[in-house]
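Q: Handing you this structure, nothing more for now.
The values are calculated or read from the model by the stated rules, or taken from the named source; none is laboratory data. Worth saying up front: this structure is predicted, and the values here are computed from it rather than measured. Note that each Cβ is placed from the backbone with ideal geometry, even for glycine, and that neighbours are counted across all protein chains shown.
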Ligand SMILES: Cc1ncc(COP(=O)(O)O)c(C=O)c1O
């Protein structure tokens, strides 16, 4: 069968997708064919600025030459071998991530959800090793508005909507309001294995944890013997201007989940953990076929090198500040923008109306964007985006907001 990928002929992909793929995604109406930096081109050759970055995955941009070279090199040597063996790439990446995070050990997996599943298993195993397997114990406390993935354990920690139709939902999860120190204080007791927090909630509307909440969470978990898990699947790997968002709070977790930006576009997840929690898990109790395979680890090592060599942490902070400055100035005449949230290049622009129409209008004008929590425009472009492209994203978003607002007014 011939695979049609020419940039000039119309793509068959949408028709094939609607016939053969599980219909779970609301797809945008273009077929990406190629990417470079913060730009992509669709199957018709139309160019777009990508302010979504594969949902905060392409922190170093599309097809960064250093990452591409590392993937090509590794693909020609050894793509997969299984965890019956250690490989050079996996061992080097493990050391690098422990050095960067200050945690002691890492377990590699393939996605954000798996990184969190690993975190829950590590925390529960540690809890039971201390408490002798209490049947009621092992509770994971999570936050309203959180998102930790789509596996059964991660939806159990998340919002009700994503649980619907998948009952019975695993037990042993309790949700509390985000940033509510008193609720956390009440929720964490002798039955609690862990508290899981996204330092900045992504799907939940780009909402940052308050420093008071993070500090209280650290204190409460330490005092009561619960593991503190930070899910930095979305906000980690330089996105907020530090390698990990927790650095900006001065609070280190016991377990850290990473994925998305870690592999420069290649699927990889990682669960990092402190020594005492790691020590409680015997050999053979957790594992994976693909996790930490040499291809993914080589891509991740190269991605970290790019973040460091190109000073992308400073760049994320500077561009993030610039973005906020420009949007704050725009608020003087655009009253539909209620608030600007986030850190670094993970920003939410809160509108006083639902943003789906803004996303469509921006796409028509050549910018790929996203709206989350119904009314929060989420800007998570590659950290390598040029100032010029960022200016274009901002001006097109402002135009789209104004047009959509006008259209909604006319409909009313
Ligand atoms: C904070 C957070 N955790 C976990 C996940 C799940 O990651 P994945 O889709 O790779 O399973 C996501 C995905 O958006 C996320 O934003």
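Q: What number of residues in the stretch 122-149 are closer than 21 Å to residue 274 by Cβ, within 16 Å of the ligand (Cβ to nearest atom) and assigned to a loop (DSSP other than H, G, I, E, B)?
A: Result for the stretch 122-149: 1.
Q: Would you check which residues across the stretch 299-326 are over 16 Å from residue 344 (Cβ atoms) and over 20 Å from the mean Cα position of the chain (by Cα) and list them?
A: Within the stretch 299-326, 309 is the sole residue that qualifies.
Q: Determine which single condition residue 66 fails, assuming it passes every other condition in (1) surrounded by 22 or more Cβ atoms within 10 Å (Cβ to Cβ); (2) closer than 27 Å to residue 316 by Cα; (3) in contact with a helix residue (DSSP H, G or I) (Cβ under 6 Å, 6 or more places away or on another chain).
A: All conditions are met except number (1).
Q: Turning to a different aspect of this structure: Quick one: which residue in 264, 241 is on the phi > 0 side of the Ramachandran plot and away from the ligand (no atom under 16 Å from the Cβ)? Full working, then the answer.
A: Values: 264 fails: away from the ligand (no atom under 16 Å from the Cβ).
Unique residue meeting the criteria: 241.
Q: Please verify whether residue 220 is touching a helix residue (DSSP H, G or I) at 6+ places or on another chain (Cβ under 9 Å) and more than 15 Å from the ligand (Cβ to nearest atom), treating the condition exactly as stated.
A: The answer is yes for residue 220.
Q: For residue 89, which of the numbered conditions (1) within 21 Å of residue 283 (Cβ to Cβ); (2) away from the ligand (no atom under 16 Å from the Cβ); (3) part of a helix (DSSP H, G or I) fails to hold?
A: So residue 89 meets the others, but not (1).
Q: Related question: Return yes when residue 115 is within 16 Å of the ligand (Cβ to nearest atom), assigned by TED's automatic domain parsing to the domain that holds residue 173 and in a helix (DSSP H, G or I) and no when it is not.
A: yes
Q: Further question: Yes or no: residue 33 crowded, with 23+ Cβ neighbours inside 10 Å and either more than 16 Å from the ligand (Cβ to nearest atom) or in contact (Cβ under 8 Å) with a residue 40 or more places away in the chain (or both)?
A: no
Q: Continuing with this model, one more query. Scanning the stretch 205-216 for residues that are free of Cβ contacts under 8 Å to residues at least 60 places away in the same chain and under 21 Å from the mean Cα position of the chain (by Cα), which turns out surrounded by the fewest Cβ atoms within 10 Å (Cβ to Cβ)?
A: 211
Q: Related question: For the stretch 267-282, give me each residue that is within 16 Å of the ligand (Cβ to nearest atom) and not in a loop (DSSP other than H, G, I, E, B).
A: Selection gives 269, 270, 271, 272.
Q: Just wondering, is there one or more residues in the stretch 188-204 that are at pLDDT 95 or above, surrounded by fewer than 24 Cβ atoms within 10 Å (Cβ to Cβ) and within 16 Å of the ligand (Cβ to nearest atom)?
A: yes
Q: Oh, and also: Taking the stretch 150-162 only, how many residues are closer than 23 Å to residue 110 by Cβ and either more than 11 Å from the ligand (Cβ to nearest atom) or without any contact (Cβ under 8 Å) to a residue 40 or more places away in the chain (or both)?
A: Let us first name the residues in the stretch 150-162 that are closer than 23 Å to residue 110 by Cβ, namely 150-158, 162.
From what's left, either more than 11 Å from the ligand (Cβ to nearest atom) or without any contact (Cβ under 8 Å) to a residue 40 or more places away in the chain (or both): 150-153, 155-156, 158, 162.
Here the count works out to 8.
Q: Please state which one of 304, 255 is within 16 Å of the ligand (Cβ to nearest atom) and not assigned by TED's automatic domain parsing to the domain that holds residue 387.
A: On the way: 304 fails: within 16 Å of the ligand (Cβ to nearest atom).
None of the others qualify; the one that does is 255.
Q: Given (1) over 17 Å from the mean Cα position of the chain (by Cα); (2) assigned to a strand (DSSP E or B); (3) within 16 Å of the ligand (Cβ to nearest atom), identify the lone condition not met by residue 106.
A: Looking at each condition in turn, residue 106 falls short on (3).
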